[in-house]
1. Treating the beta-carbon of each Lys and Arg as +1 and of each Asp and Glu as -1, no other charges, what is the dipole magnitude of region 225-410 about its Cα centre, to the nearest 20 debye?
2. Provide the per residue accessible area, probe 1.4 Å, for region 225-410, rounded to a whole number of square angstrom.
3. Amide H neighbours of GLU280 under 5 Å, counting only residues 5+ apart in sequence or on other chains, H built in-plane at 1.01 Å?
4. Counting Lys +1, Arg +1, Asp -1, Glu -1, what net charge surrounds GLU260 among other residues with beta carbon under 14 Å of its beta carbon?
5. Tell me the accessible surface of LYS18 in square angstrom (1.4 angstrom probe, heavy atoms of protein chains only), to the nearest ten.
6. If a/c stays under 1.5 just call it rounded; otherwise compare a/b with b/c (prolate if a/b is bigger, oblate if not). Do that for region 225-410, with a ≥ b ≥ c from the square roots of the Cα gyration tensor eigenvalues.
7. Towards the positive end of the charge dipole of region 225-410, with charges on Cβ (+1 Lys, Arg; -1 Asp, Glu), say which of GLY302, ALA314, PRO378 has the farthest Cα.
8. Heavy atoms only, 1.4 Å probe, whole protein assembly: order SER360, SER223 by accessible area, highest first.
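The values are calculated or read from the model by the stated rules, or taken from the named source; none is laboratory data. Quantities reported herein were computed from a predicted structural model and do not represent experimental measurements. With ideal geometry, Cβ positions are generated from the backbone for all residues, glycine too; neighbour counts draw on all protein chains shown. Areas reflect the complete protein model, heavy atoms only, side chains present, ligands, DNA and RNA absent. Shrake-Rupley method; radii C 1.70, N 1.55, O 1.52, S 1.80 Å.
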Amino acid sequence: MLTRQVESSVENFISRLKRRQVVGSYEVAKETAVILRQVVSTSRWRDVDTLLETITDVGSRMAAAQPKELAVGNIVRRVLKVIREVARGELETDVLDDSGNNFSDNSDDAGDDDEFDSDDGVFHVEGATPSSTGSPLRTPIHARPTLLSSNASSNMGSVSGNDLNALATQSTMFHLLADAHKLKDSPTEYNVYNLKPLIIQEINEEIIAELESVYKGIADQASDYIHANEVIMTIGKSRTVEDFLIRAAKTRKFQVIVAETSPTYQGHEMAANLSAAGIETIVMVDSAIFAAMPRVNKVVLGAHAVLANGGLVAVTGSHLIAAAAKHHSTPVLVCTALYKLSPLFAYDVDTFNITVAPNSIMDFQDGAIIDKVTLCNPYYDYVTPELVSLFVHNLGSAPPTYVYRLINDNYDPEDTTL
């Protein structure tokens, strides 16, 4: 049950997502994490399952508002995994504590009633029914219940009293073992008041704090991949790539070629920022990418999202530059944060793409031509994993074949579909 204030925040965020007033993976991810933290702290829930259902419901509503912004679903999955991990840790602690208390309470009685013979590997149980020889009942701890045939099961009434006592003792031990496994696998009682502050603390430390330091974590690795006197090519405007190159320029001297990224011309702003940081920068038209690629030592790209197969969704023109780099055997580095990893697959390359107004390509004043042509202006490109050499993320680096492992570490398989 959401409070009015949280419900108002969710509806406001959904409205701004639909109107494209919140643009960019970073801004979307950070605001999603803050809203989900409010849901955890202010909503009323008696158990973890109720909280998981509430977070899933709110997250699916926000993800449906703008399906192309995969960062919304990614943060929701991260929060769900944090809740499950905290709950499992709390539950296991409770079970161990209860078990320890039970054992400690009964330790004195156990010492009086039972005696363990280490040489024979058996328990001597006092007070048990003695056998015909007068010796106490001795039950090996490794004994298994005997399988009964159909004839034996039909003649249970003819079993001797000693055999019945042994069988009952063995059955009781197996029932105790079975009950212990059930208690460990599906505990139902735990302290909810202890879970809430732990979950909020984990959201603050693992998700929100990571978002605030994501650019620094990637930029700190720049000197490991950018070397002196190299020629770097990039396309579009990406804050991650910009900080990455500017950090490398503090210790290295290199040249950057920026494709202008028509028709948005984001490359012009990117080139101006790099030039202001003291980096030698050249702006070129997109059609000259293939011709200039033989001079390039590395290609550095940004990403809007990274899919489960290692492919990425990036600004339009990224596939062109990655394909040209593949032809010339030029390594392609993709700077991306872990919150952009999505467990979804691109079964259709246009699934995660959007088309924008074509007036930047052809003006409506050219009415005679517009009536005869169909214009499509996609905003993103899908780059296959075969065209990517390495992903540089805020905690290290990984090849495209290792992306599935990063996804398994960050998300729970149950939350693939919200």
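1. In total the dipole reaches around 760 debye.
2. Values: 8580 Å² over 186 residues.
About 46 Å² of surface per residue is accessible.
3. PHE254, VAL256
4. -1
5. Only protein atoms counted, so the area is about 130 Å².
6. Values: a/c = 1.94, a/b = 1.19, b/c = 1.63.
Taking the square roots of the gyration eigenvalues as a ≥ b ≥ c, region 225-410 is oblate.
7. GLY302
8. Numbers: SER360 65, SER223 45 Å².
Accessible-area ranking of SER360, SER223, largest first: SER360, SER223.
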